[in-house]
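So the structure is just underneath, and the comments pick up after that.
The values are calculated or read from the model by the stated rules, or taken from the named source; none is laboratory data. It should be emphasised that the depicted structure is a prediction, and the values quoted were computed from it without experimental measurement. Neighbour counts run over all protein chains shown; Cβ positions are idealised from the backbone, glycine included.
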Amino acid sequence: MPEFPPRPKPPVPVAISACLTGEAVRYDGSDAADALPRRELADVFEYTAVCPEVGIGMGVPRPPIRLVGTASTLRAVGVDDPGLDVTGALAAFGRSQAVRLKDVCGYIFMARSPSCGLASVKVRTEVHGEPHRADGRGVYAASLLKARPSLPAEENERLFDPAVRGAFVNRVLTYAHWRRLEADGLTAERLIEFHSRYKYLLMAHSVRHYREAGRLLSDLRGGVVGTGKRYLTCLMEGLALTRFR
Ligand code: SF4
């Protein structure tokens with residue numbers, strides 16, 4: 001029987017919004033290197049930098065864009081020229097990067113960006129008198145995470161909080177361990193052993209997800225691969241919660 005794969009050691013491959021690494025790719029030619037707790041994350045992650053707006057050919061400098069519409073009609077359009085609509089291009093780029101970045105075990109996104117923001121992007125409603133929202137997700141980030149729903153993701157600014165940062169590093173290392181397990185071959189025995197190593201960590205984040213994971217693994221008759229997929233979703237959702245539920 002093959003040995004159980006060891007938990008990977010840092011540095012672990014993680015994708016990141018390129019401006020956060022010091023690349024001068026923002027719309028005005030600046031970078032955002034100061035917006036990442038760089039020292040605290042040194043030696044933990046090995047970065048792959050991606051700028052989706054440059055990736056779709058907008059260049060630097062470029063016209064700024066913003067999000068408009070509702071959840072079902074969301075578009076990324078030019079601030080000065082609403083006729084500039086890059087929604088489809090950013091979404092397609094997200095889908096292609098989800099495939100290209102298949103080896104990364106996490107993603108650090110730039111907060112408030114209409115392309116990269118995770119949960120903090122201002123959305124203009126276009127309805128007179130209706131307040132703007134500030135909880136939107138960038139088009140590129142939404143598309144990529146739709147294709148990779150279990151990938152640990154976090155916004156740069158939240159990583160200045162030591163508790164959030166520690167939880168994110170744990171999620172990334174756990175995900176990397178899972179990927180190694182999959183690569184080595186998932187069996188019922190290994191799935192149970194994996195859970196025995198992570199169940200108390202999961203319980204510390206979410207009792208509800210801890211119970212759900214136990215329920216999933218109590219019946220493997222549906223097949224280990226399908227159950228494993230559901231287990232990973234449950235595990236990653238639970239570990240993303242930072243207090244007891
Ligand atoms: S699109 Fe993303 S990576 Fe590029 S400058 Fe904006 S926030 Fe940074």
- Query: Thr70 passes all but one of (1) farther than 26 Å from Pro8 by Cβ; (2) within 16 Å of the ligand (Cβ to nearest atom); which number fails?
  - Reply: (2)
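Mind listing whichever residues of region 135-151 are within 16 Å of the ligand (Cβ to nearest atom) and among the aliphatic types (A, V, I, L, M)?
Of all residues in region 135-151, those within 16 Å of the ligand (Cβ to nearest atom) come to 136-145.
The answer is Val139, Ala141, Ala142, Leu144, Leu145.
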- Message: Suppose we filter Ala89, Ala18, Ala76, Ala35 for residues that are surrounded by 15 or more Cβ atoms within 10 Å (Cβ to Cβ), touching a residue at least 12 places away in the same chain (Cβ under 8 Å) and farther than 30 Å from Asp161 by Cβ; which single one remains?
- Response: Ala89
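Hey, could you check region 133-154 for residues that are charged (D, E, K, R) and out of contact with any helix residue (DSSP H, G or I) (no Cβ under 9 Å at 6 or more places or on another chain) and say which is nearest to Lys229 (Cα to Cα)? Talk me through it step by step, then tell me what you get.
Restricting attention to region 133-154, the residues satisfying the condition of being charged (D, E, K, R) are 133, 135, 137, 146, 148, 154.
From the residues that got through so far, the ones that are out of contact with any helix residue (DSSP H, G or I) (no Cβ under 9 Å at 6 or more places or on another chain) too are 133, 135.
On the way: Arg133: 33, Asp135: 28 Å.
Residue satisfying both the conditions and the ranking: Asp135.
In the list Ser143, Ser120, Ser218, which residue meets the criterion of being modelled with pLDDT of 95 or more, among the polar types (S, T, N, Q) and on the phi < 0 side of the Ramachandran plot? Give the steps one after another, and end with the answer.
Values: Ser120 fails: modelled with pLDDT of 95 or more; Ser218 fails: modelled with pLDDT of 95 or more.
From the options Ser143, Ser120, Ser218, the qualifying one is Ser143.
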- Item | Output for region 60-97, where each listed residue is in contact with a Phe, Trp or Tyr (Cβ under 9 Å, 6 or more places away or on another chain), of a type in the set (A, V, I, L, M) and part of a helix (DSSP H, G or I) | Leu90, Ala91
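Residue by residue through region 20-54, note down the ones that are assigned to a helix (DSSP H, G or I), in contact with a strand residue (DSSP E or B) (Cβ under 7 Å, 6 or more places away or on another chain) and within 8 Å of the ligand (Cβ to nearest atom).
Leu20
Collect the residues in region 1-19 that are within 11 Å of the ligand (Cβ to nearest atom), of a type outside the set (Gly, Ala, Ser) and under 15 Å from the mean Cα position of the chain (by Cα), keeping them in residue-number order. Reasoning before the result, please.
Within region 1-19, the subset within 11 Å of the ligand (Cβ to nearest atom) is 15-19.
In the following step, the residues that additionally are of a type outside the set (Gly, Ala, Ser) were identified as 16, 19.
Once the filter is applied, which keeps residues that are within 11 Å of the ligand (Cβ to nearest atom), of a type outside the set (Gly, Ala, Ser) and under 15 Å from the mean Cα position of the chain (by Cα), region 1-19 yields only Ile16.
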